[in-house]
1. In whole Å, what are the extents of the range B:75-146 along the principal axes defined by its C-alpha atoms, from largest to smallest?
2. Excluding ligands, DNA and RNA, what is the solvent-accessible area per residue of chain A at a probe of 1.4 Å, expressed in Å²?
3. List the pair-distance distribution P(r) of the protein assembly as shown, using every Cα-Cα distance, as the percent of pairs falling in each 5 Å bin from 0 up to the bin containing the longest distance, rounded to whole percents.
4. How many square angstrom of accessible surface are buried between A and B, both sides summed, with a 1.4 Å probe and rounding to 100?
5. Share of the range B:3-138's accessible area from carbon and sulfur, percent, 1.4 Å?
6. About its Cα centre, how strong a charge dipole does the protein assembly as shown have in debye, to the nearest 20, once Lys and Arg get +1 and Asp and Glu get -1 at the Cβ?
7. For B:Tyr132, what accessible surface area do you get with a 1.4 Å probe? Give it in Å², rounded to 10.
8. Can you compute 3J(HN,Hα) from phi for each residue in the range B:45-54, using the Karplus curve 6.51 cos²θ - 1.76 cosθ + 1.60 with θ = phi - 60°, rounded to whole Hz and x for Gly and Pro?
There are 2 protein chains.
Amino acid sequence: MSAAESAVETIQREMTIFARRARASAGRMHPELSLVSYTLLGHLEERGGCRATDLAAHYALDKSTVSRQVAALERAGLIERRLDPEDHRVQVLHLTEAGQEILAQVTRSRRAAFRERLAGWPEEDLVRFAAYLERYNAGQGDPDPA
Amino acid sequence: MSAAESAVETIQREMTIFARRARASAGRMHPELSLVSYTLLGHLEERGGCRATDLAAHYALDKSTVSRQVAALERAGLIERRLDPEDHRVQVLHLTEAGQEILAQVTRSRRAAFRERLAGWPEEDLVRFAAYLERYNAGQGDPDPA
DNA sequence: TGTTCAAGTTGTACTATACAACTAGAAAGC
DNA sequence: GCTTTCTAGTTGTATAGTACAACTTGAACA
């Protein structure tokens, strides 16, 4: 096997290991916000509000799944729906203040965990690793072969 | 923010994106074997058989979860249980021939997907990316801060 | 105006998971 | 040697996340 084939093999194995562990540990670490909820809130913050359909398309989730997630986040007081005056089918979702706070808190906690995990890495390696991950995720084709 | 902090931020974000996508696409691509089943079969192959309790410990799963996974894999004819003659509480799990075939087939399919995803990467980058992932996953402390 | 399209919700089902209660067998203490 | 305690595994129950299909409501188009 060439060095390139062997490296692809390793990348597959390690990405799989990571994917398998990720959700469970995310749930243990942040019981107040699942990985999906966290992602959706983050998207809302980044975009400054969007529609449920946009979330579904962007994250390749069924609209019914998003609908229930959104309902739960609204029940929890983390987001609010605003009817689009232009089109009454559309609800534009926005973070509430509570939602912004929880999001910031979980982000801090996740960032601290990653920082600790990556402590001792030389800056040069961190930068390169980050670039590789971005390049991997930006790849075209199937969204993820994991 | 320093370059290192910014890189940690990116690593967190990209690992999260990957983790979120991984399971769904794994299910779509390999409906015959979930990510967990694939991992368990792989472990059995690597070890040449082991106990359900070992699987639970190694993958931080509840023993009841493993018990049901194992039952499903046995129903599907992919593994078999052998009672340990030394200790009648213990069942040693082994891949069947069918299990070996399915595992090999899914491994090939996954490897092809990764190879395609990583097509065009220079060998040097593949090798470095692989090394970073191994280093990340081997890190001590919390199993995964995702 | 009526047909078709789009946004969301709800009913239903399935998978993965955990925790708790249980059974069966092994080991240890007295 | 009997009883208590530990270990391996199963089963009952509950929850989260997900998809698909059927439906409702509103918009757009021909």
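1. So the extents along the principal axes, rounded to whole Å, are 52, 34, 20.
2. 52 Å²
3. Pairs per bin, as whole percents: 1, 5, 11, 14, 15, 15, 14, 11, 7, 5, 2, 1, 0, 0, 0.
4. Approximately 6500 Å² gets buried when A meets B.
5. On the way: 3370 of 7010 Å².
In the range B:3-138, the share of accessible area belonging to carbon and sulfur is 48 percent.
6. The dipole of the protein assembly as shown has a size of about 680 debye.
7. We get 10 Å² for B:Tyr132.
8. 5, 4, 7, x, x, 7, 8, 4, 4, 5
The values are calculated or read from the model by the stated rules, or taken from the named source; none is laboratory data. This structure is a prediction, so every number in the text was calculated from the model and none was measured. All Cβ positions, even for glycine, are placed from backbone atoms using ideal geometry, and neighbour counts span all protein chains on display. Heads up: the accessible areas ignore ligands, DNA and RNA and are worked out on the full protein's heavy atoms, side chains in. Shrake-Rupley method; radii C 1.70, N 1.55, O 1.52, S 1.80 Å.
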